[in-house]
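The values are calculated or read from the model by the stated rules, or taken from the named source; none is laboratory data. Just so it is clear, the structure is predicted and the values come from calculations on it, not from any experiment. Note: ideal-geometry Cβ built from the backbone for every residue, glycine included; neighbour counts use all protein chains shown. With ligands, DNA and RNA removed, areas are computed over all heavy atoms of the protein, side chains included. Shrake-Rupley method; radii C 1.70, N 1.55, O 1.52, S 1.80 Å.
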Amino acid sequence: MSFLSRIMIVKSRAHFSSDSRACGSEKASFEGTRKRKSAQAKNRVGLLIAGFTVFYCVIGGRLMQYGVAQPLTTSSILPADRLLASRPDLVDRNGAVLATDIRTVSLFAEPNKIIDADEVIEKLSTVLNDLDVKGTYSKLTSNSRFQWLRRQLTPKQQSQILALGIPGIGFRPEKRRFYPGGPTAAHVVGYVNIDNRGVAGMERYVDNQGLADLAAVGMTSSQPLEPVKLSIDLRVQSIVRDVVTEAISKYNSIGAGAVVLDVHTGEIVAMASAPDFDPNNPVEGGEEGWFNRMSNGTFEMGSTFKSFTIAMGLDSGRVNLQSTFDARFPIRIGGFTIKDFHGKGRVLSVPEIFQYSSNIGTAKIADTVGIEGHKDFLTKLGLLTKMHTELPEVASPSQPREWKKINSITISFGHGVSTTPLQTAVAGAALVNGGKYIPPTFLPRNRAEADKVATQVLKPSTSKDMRFLFEWNGVNGSGRNARVAGFNVGGKTGTADKVVNGRYAHDKNFNAFLAAFPMDNPQYVVLTFCDEPKTDKGNGAALAATSAAPMVKEIITRSAPILGVKPKFGNDGSALLVSY
């Protein structure tokens, strides 16, 4: 090989070696670039993942914060858990529901979210026909963040308003009190206000036991509470209410009332006062309907008080059933003349004084005991002090500031002292149950529990004598219109002139009848009254024997079987009379 050829080969190899080194350098550069770009991409993806992680962590954290935070409230609205707090059901002695909670909703607005108040009112008016336009406009344009528009809507109203799709309008769940019996036991059960708080009757009593205080501090629960059982029997209550309301129209009176009382336990089995109201809509009843005449009204009870005066004389030992008193002449004292309206003009025995309702004879019995003894006796029977029971609506009786002889005389036959019909019935129970004063109750109570709170105020022998007198008057006297065959109903009427402008009005009467049955073993006291009854001639002279006594007869006739009292008849089918 020539030298020139070798030189060419060497050059060629040198050139190839140079190209190889250049190619290797370019390849290394490319690999470095690719790695840098890959690292940059990984960094970007990492940053993106980190960003999303932080974003969702923030959202999750806020959701957790909202979940554990207390709900915002304003002065106009309670927290949801308190709005849904339950009241206990009220049930009668047999478990029949008298009052219960039902779920409902209320309509509210957030004025800060309302765009056109006029448009909102126009739309709402299509559903709520009685909407207060002026008041609603004022609420919708106020600076507040919350305003009630309508409480306790019906499901239909809620559905119709939802369909309108109004921004800034919402619904709040609430509970509404429902009374299945309507006005049947209105004055006993009472009612609640718009915020489900007890206003009257046993509803208020339940709140006074601590429910209202718990609700005020948010310690109520949405869980159902144990029902509160009352002593009343809804079946008997319905009968009593029927008789009372019918008496207003039948005797054209301004008011009427009645009570059925267990003489051995003090339980109020039924009590009604009319006019009354529907607790589902108490506003319609007005003040006249809200007034509970049985426990919150005081009246001069008239001749029913002669029962207590004669019992006082018998219990003192100064009088017995064979005692006689001269009732031939009126009593004149302090410028007043005391006379008998149906006087016999002769000497009367104690049973005759009771039967003929002699004012003169009764006054003389009171005189044998004396003023202080008279006052003390009526106090023992609870007739001069405020009665204690669960019902909040209880009035205090009135009496003279200073008892003089003229006061004792007039009080002996039921004038000069005003008491509630209910406490008169309670005192009447002591006359026939063996002489025990038992405080009345609207809650269940058995005889053993009653004996623990009972006070012996009469001798058992006095109570036996009074049972005889009640029976005697039921058969021979003014109580004949209350007799029910087989049940031995006895009692005493009371026809009292009402005081008008400080004077007794002879054309306005308060008529009452105090009864018990069966007289051989009294189980129940029934007291009825009729306020200002009028005869067909409209002279207001109707007597208790023709108004209050028939009410007793109707109540006992219809309710005695329900109460488990069995009638007693002779072999010939006639009613048996009591022998003493």
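Counting only helices (runs of 4 or more DSSP H) that fall entirely inside segment 229-297 and contain at least 2 residues that are farther than 27 Å from Gly382 by Cβ and in contact with a Pro (Cβ under 6 Å, 6 or more places away or on another chain), the qualifying elements are 286-290.
The residues of segment 393-424 that are open to solvent by less than 30 Å² (accessible area, probe 1.4 Å) and among the hydrophobic types (A, V, I, L, M, F, W, C), listed by number, are Val394, Ala395, Trp403, Ile409, Ile411, Phe413, Val417, Leu422.
The set of residues from segment 133-185 being aromatic (Phe, Trp, Tyr), modelled with pLDDT under 90 and in a strand (DSSP E or B) comprises Trp148, Phe171.
Tell me yes or no: at least one residue of segment 257-273 is at positive phi, in contact with a strand residue (DSSP E or B) (Cβ under 6 Å, 6 or more places away or on another chain) and touching a residue at least 60 places away in the same chain (Cβ under 8 Å). Within segment 257-273, one or more residues are at positive phi, in contact with a strand residue (DSSP E or B) (Cβ under 6 Å, 6 or more places away or on another chain) and touching a residue at least 60 places away in the same chain (Cβ under 8 Å).
Would you confirm, using the coordinates I've provided, whether Arg480 is over 30 Å from the mean Cα position of the chain (by Cα), charged (D, E, K, R) and farther than 24 Å from Val319 by Cβ? Against the criterion (over 30 Å from the mean Cα position of the chain (by Cα), charged (D, E, K, R) and farther than 24 Å from Val319 by Cβ), Arg480 qualifies. Looking only at residues in segment 92-132 that are under 15 Å from Ile161 (Cα atoms) and acidic (Asp, Glu), the one that is modelled with the lowest pLDDT is Asp130. So, of the residues in segment 477-503 that are open to solvent by 10 Å² or more (accessible area, probe 1.4 Å) and in a loop (DSSP other than H, G, I, E, B), which turns out to be farthest from Thr362 (Cα to Cα)? Per the stated criteria, the residue is Ala485. Identification of helices (runs of 4 or more DSSP H) wholly contained in segment 322-432 with 2 or more residues that are touching a residue at least 24 places away in the same chain (Cβ under 8 Å) and either polar (S, T, N, Q) or out of contact with any helix residue (DSSP H, G or I) (no Cβ under 7 Å at 6 or more places or on another chain) (or both) yields 359-369, 371-380, 405-412, 421-432. Against the list (1) touching a Leu at 6+ places or on another chain (Cβ under 9 Å); (2) of a type outside the set (Phe, Trp, Tyr); (3) farther than 30 Å from Asp89 by Cβ, the condition Leu443 fails is (3).
Within segment 152-170, the residues that satisfy the criterion of being under 14 Å from Thr126 (Cα atoms) and among the β-branched types (Val, Ile, Thr) are Ile161, Ile166.
Could you please let me know if Gly474 is in contact (Cβ under 8 Å) with a residue 24 or more places away in the chain and farther than 15 Å from Ala512 by Cβ? In short, yes.
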